[in-house]
Structures are given as C-alpha cells and as structure tokens.
Amino acid sequence: MTLQIDRLQDYLTRSAERSPEATALVLGDEVMTYGELEAATNRLAHALVEQGCKPGDRVGVLAAKTPWTIAALIAALRAGGAYVPVDSASPPARVARIVRTAEPALLLADATATALVDGLVEEGIGDLAVGALAEPLAGQRFASVFARDDLASLPTETPAAASPDLAHVLFTSGSTGVPKGVMIEHANVVAFVEWALRHFGTRAGDRISGHPPLHFDLSTFDIYATLAAGAELHLVPASLGLDPKGTARFIRDRELTQWFSVPSVLTYLARFDAVAQDGFPSLERLLWCGEVLPTPVLAHWMRRLPHVRFTNLYGPTEATIASSFYDVPRVPPDESVPVPIGLPCDGERLVVLDDDTPAPVGGVGELHIGGVGLSPGYWRDEEKTAAAFRADPRDPTQRIYRSEE
C-alpha cells in the first residue's frame, strides 16, 4: 500500500519502508541510511515530547549542516511542532529577536552554537531548554537537557502526536534588516516537491547536492525531494564556500547527478575556470534560484557541459522555494539577453498588475504570485502580512503576493 503524503515527514517513512538500507544522507565519511534516519528522527521526536513539546509548538534548530541536523528538522515535525532553522554563526542580538518572536518551546543545538546560546542568555532570553545533537553542551550560562547518547533508549516508532499544518518558519532580513518569519505549511512544500519529481524525474539512485544553508528555503527542496525519491543527499561542507576548485572536485568525486545553488556559486566557479570540458560526467541536472544568473556565465557552463539539463527557478521565500521555471533549450545565442523566469510551476499563478488592472501582453507592471505555494503570511505580524499579501483583483477569493516586498 502506498503511503499518502500530506506531511513532509511521510516522505522519509515511505522511503525507509521501501529501502531501509539505502543511503539517505552523506557528509564526508558520515553516512546515514534511510532506516537509521527514520529511527533517529523518531527517537529525537520522543525526546522533544518528553521535554514538553506540544502540537503547534516551535522548535529552534541552531546547528551546522549535518545528517543529525537534518534529523532534528524532521524530528520537530514528528513531535507535532514546526521548526525554526537559525544560522548558528549569526550574532546573538539578531537570533534573540528571532527567538523572542518565534517563542520556541526548546532549542536543538550542536557545539557550533554554544557561544550563541550563551549570548542569548546574556541578551535576556531565559528558561532556554536546549537539546544537544551530539555530545552534551555546557556553556557558561546554560547546560543541555539531553544529548544524543540519551536517545538510545527511546522508541524508534513515530510518537502519537498531531501534526498541524505549519511545517516551519523561515526568518528573512527583509529590506529593513529586521527578521520577519515566513510561515510555510506542509502543503506548500508537498505541492512543489510533487511537481519537481515529475518535472525533473528525480529517482532513487540520484545523488543530489545539499549546498544552501538550512535556514535558506532552497535547502527545503534539496531535503524533501531527496527523501521523496529515496535518493542520496550529499551535504556540501561550508568550507567549500570559498574554494571553487574544491567545489568542482566535490561535484565530480561524489558523482552528483543534480546540483542546485544560488547563481553566485556558479559565477564563482566560472570565474576561476573550475569547470573542465565535460568535467562532470555524472551530472544530469543543474538548477539555480535566488538571484539572476548572468547569461554569459550560463553560456560558459552550457558549453563546458553539453550533456547537462539547465533550469532557472524563480520565486521568493513567501511563495515556497520557486514559483516558475525555465528549461534552457540551448546555449543562448545572444549573451546580452537575460535568462527568462519562464512558466508557472503546476498550481502556481504569475500575475502582472498595473495598479489593480492586469497588464497587457508586453506591458509593464508589478509581478504578483499566487497558487499552491503561497505562504499564509508572516509569523505574528498582521501588518506586514496585509502589506505584502492581497486579494487578486481578478478573483477576490484568491490571495496573491507582491513580489517586490
């Protein structure tokens, strides 16, 4: 019987039932199978419940990108919560604003966040319950309430916890620099993942890059499309961020079949001539999102890798990962022409409005986005939600997002 997917954690369960010994996550020499990941997330979810996590609670995740951090995200969902991923290298003052806004029931952290959690206490955030994703954490102002070794005696079955619609809250700086929390529901992500599986043909045996940080919404696609397909997610070490040759070597040596990143990474590799002619023979798909990729850079990659399929994805965090796509059919003949954002993904709507009137074909207006990926709005901020999200003048029963907000 095929498991009906309506919650993101169900993708893991389905793949773990089908192929428990298959590789799910890889970071260097650290490998976690689907069966191991399923057990780890369930044990960690039980620990969260024991610490008082209730359906609808938020769980802050302050940790480096590792297999156990991925497990922490899914465990929060299994416990009935919604996760709030935070960059553990962020200044304590910024994270304190996020914590005060999100009010997480507890935090999951690793050693990279010890100084940060100490800083949160110094910023006046009290009563922080912190679970350690590896060894016990002991800062100057806090101690962890459990560590990874404490999970061994906990059940490997999924806890009986309700799973509300909200999956995670992603805090972005916005134009003012003040963090605002974009609410993303399970259905938003499931809709995109199901489209992407069909469009890209993602399958078991694929080896997919995990390049973006976990607090960036592009990582949501990497994680859940991989789990949905029963593929392998190869987490890209942060140390490769300033090493174009090392990044190229990672793609080649890991025999990746899909690479997904922001365009600046592709530009960096091209600038340092890190992409050899036909240099990534296993690579099948190269995707980018989040910025404009200069057309000359795209042409450089396409000439070097003629066997690869190139796709531009476009969409703000408020519309869940991406809302439109453009499969580049050939090397651009005119490198002065920008790469199009293409057509809406299934279930998405792109609307160009001149004030409240749809702009004519070829006309100028503001791009608005609607459809299945649209966020419910900003966490506990009705004013910002009302300013960015509005009724579609063509159909007032539907909401749209003003993409420049």
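So what's the stretch 152-267 giving for Cα Rg divided by 2.2 N^0.38 Å, two decimals?
1.24
Of all accessible surface on the stretch 67-171 at a 1.4 Å probe, what whole percent is carbon and sulfur?
Ligands and nucleic acids excluded, carbon and sulfur reach 50 percent.
For the chain, with every protein chain kept in place, what is the accessible area per residue (1.4 Å probe, Å²)?
41
Can you list residues whose amide H is under 5 Å from residue 131's amide H, if they're 5+ apart or on another chain and H is modeled 1.01 Å from N?
When sequence neighbours closer than 5 places are left aside, the close amide H contacts are 107, 108, 109, 145.
Using 7 Å Cα-to-Cβ label points, what is the residue 382/residue 156 separation (nm, one decimal)?
In this crude spin-label approximation the distance works out to 4.8 nm.
Once you have a ≥ b ≥ c as the square roots of the Cα gyration tensor eigenvalues for the stretch 92-183, tell me rounded if a/c is under 1.5, and otherwise prolate or oblate according to whether a/b is larger than b/c.
Here the stretch 92-183 falls in the oblate category.
Using just the Cα positions, wrap the chain in a convex hull and report its mean projected area in square nanometres, one decimal place.
20.2
Cut-off 10 angstrom, C-alpha nodes, Gaussian network model of the chain. Which of 227, 350, 133 fluctuates the most?
In the Gaussian network model the winner is 350.
List the extent of the Cα atoms of the stretch 184-235 along each of their three principal axes, largest first, rounded to whole Å.
Computed over the Cα atoms, the extents are 28, 23, 14 Å.
State the extension gain, in nm to one decimal, for the chain segment bounded by residue 141 and residue 242, taking 0.36 nm per residue of separation less the distance between their alpha-carbons.
33.0 nm
Output the Kirkwood hydrodynamic radius of the stretch 1-127, Cα pairs only, in Å rounded to one decimal.
For the stretch 1-127, inverting the mean 1/r across all distinct Cα pairs yields 15.4 Å.
Restricting attention to the stretch 332-376, which GluC sites (Glu not before Pro) occupy a DSSP loop and are surrounded by at most 16 other Cβ atoms within 10 Å?
Loop-located and lightly packed - 335.
Can you bin the stretch 233-296 into rounded, prolate or oblate? Criterion: square roots of the alpha carbon gyration tensor eigenvalues sorted a ≥ b ≥ c, rounded for a/c under 1.5, prolate for a/b above b/c, oblate for the rest.
In terms of gyration-tensor shape, rounded.
Which residue, 334, 278, 150, tops the fluctuation ranking in a GNM of the chain built on C-alpha contacts under 10 Å?
Highest fluctuation of the listed residues: 334.
Would you mind classifying the stretch 215-262 by shape? Square roots of the alpha carbon gyration tensor eigenvalues, ordered a ≥ b ≥ c; an a/c under 1.5 is rounded, otherwise it is prolate if a/b is larger than b/c and oblate if not.
It comes out oblate by the Cα gyration axes.
Ignoring ligands and nucleic acids, what accessible area does residue 249 show with a 1.4 Å probe (Å², nearest 10)?
Residue 249 exposes around 110 Å² with every protein chain in place.
The values are calculated or read from the model by the stated rules, or taken from the named source; none is laboratory data. Note that the structure is predicted; figures quoted are calculated from it, not measured. Please note: Cβ atoms are built from the backbone with ideal geometry, for glycine as well, and neighbour counts cover all protein chains shown. Protein only, heavy atoms only, side chains kept; ligands, DNA and RNA dropped before computing areas. Shrake-Rupley method; radii C 1.70, N 1.55, O 1.52, S 1.80 Å.
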